[in-house]
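Novice: Got a structure for you, written out below as structure tokens; questions coming shortly.
Derivation of every value follows stated rules applied to the coordinates shown; laboratory data play no part. Since this is a predicted model, take the numbers as computed values, not measurements. With ideal geometry, Cβ positions are generated from the backbone for all residues, glycine too; neighbour counts draw on all protein chains shown.
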Amino acid sequence: MNMNGMGDLLGMEVVTIGAQTESLATAGATLPTGTTRIVCQAAEALHWTPVGSATSTYQHAVAAANFFTLEHHQLASEIIDDTPGDQSLKVMYFGRFSVD
């Protein structure tokens, strides 16, 4: 499925992000081969930053139930939940599907 130039939908998963700063990789996300764009939906408010450490008041804010997009090279971006505890983050991977 190609969604408006996003590429093919390669996979989806849910990872848990907590009140401590972490990346998708450290949260256990599995990056499918061929991924070029990652779209995430936050269950609760969060912040993320492509470099450095995110805080609950600094960098890119994402409101609850909204989406944000990371490019492949931003997989190490730091993400932090703005609320105490953990939240489930829906992660969708887009890119070029290939059959080897």
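Novice: First measure r as the distance between the Cβ atoms of Met6 and Ala43, then evaluate 1/(1 + (r/R0)^6) with R0 = 25 Å and state the FRET efficiency to the nearest 0.05.
Specialist: Calculated value: 0.70.
Novice: I've got another one for you. Report the label-to-label distance for His60 and Leu75 in nanometres (one decimal), using points 7 Å from each Cα along the Cα→Cβ vector.
Specialist: 1.7
Novice: Report which label in [x] -0.46, -1.04; [y] -0.41, -0.95; [z] -0.36, -1.01 holds the value of log10 I(q)/I(0) by the Debye sum over Cα atoms at q = 0.12, 0.21 Å⁻¹ derived from the coordinates of this structure.
Specialist: Correct label is [z].
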